[in-house]
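The values are calculated or read from the model by the stated rules, or taken from the named source; none is laboratory data. Quick caveat, the model's predicted, so the values are computed rather than measured. Please note: Cβ atoms are built from the backbone with ideal geometry, for glycine as well, and neighbour counts cover all protein chains shown. Each accessible area value is taken on the protein alone, full model and side chains, heavy atoms only, with ligands, DNA and RNA left out. Shrake-Rupley method; radii C 1.70, N 1.55, O 1.52, S 1.80 Å.
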Amino acid sequence: QGKLVESGGGLVQAGESLRLSCAASGITFTLYEFGWYRQAPGKQREMVARISSDGSINYTDSVNGRFTISRDNGKNTVSLQMTSLKPVDTAVYLCNAQFKTLNYWGQGTQVTVSS
């Protein structure tokens, strides 16, 4: 059974940076596509960034150029480097792992950006 554990969230001021990490266990890491999603209160969950098993990357438009997703296949971790943070980036950030019909979610980590 796969397990994802996020870390690195916190409270920052606008313009600052944070780095989120997602540690995966119980899965064959290299087979999976990973994604970071976020959900703000009263809003739908949205995809922030995804990285495929071969390293292809997609970002939602609002974070393109500010956020960077990466994966370390040797350490079974996926990271999200967030720079130039804005109050609208405030949300719970969740890690997702997907391979064919297998789909796992972490518990999420809170990111709060004050103005």
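Among the residues making up region 92-103, those that are out of contact with any Lys or Arg (no Cβ under 7 Å at 6 or more places or on another chain), in contact (Cβ under 8 Å) with a residue 12 or more places away in the chain and open to solvent by 40 Å² or more (accessible area, probe 1.4 Å) are Q98, F99, L102. Among residues of region 1-23 that are touching a residue at least 24 places away in the same chain (Cβ under 8 Å) and within 12 Å of A97 (Cα to Cα), those with a beta-carbon under 9 Å from a residue that is aromatic (F, W, Y) and open to solvent by 60 Å² or more (accessible area, probe 1.4 Å) at least six positions away or on a different chain give the pairs L4/W105. Among the residues of region 48-73, those that are in contact with a Ser or Thr (Cβ under 6 Å, 6 or more places away or on another chain) and under 20 Å from S84 (Cα atoms) comprise V48, R66, S70.
Out of all the residues in region 87-112, which are of a type in the set (G, A, S) and within 12 Å of G9 (Cα to Cα)?
A91, G108
Looking across region 18-41, the residues that are over 15 Å from T109 (Cβ atoms), at pLDDT 95 or above and open to solvent by 50 Å² or more (accessible area, probe 1.4 Å) come down to S25, G26, T28, T30, L31, E33.
Of all residues being of a type in the set (V, I, T) and free of Cβ contacts under 8 Å to residues at least 60 places away in the same chain in region 59-91, which is most open to solvent (accessible area, probe 1.4 Å)? Just the residue, please.
Among those residues, the one meeting the criterion is V88.
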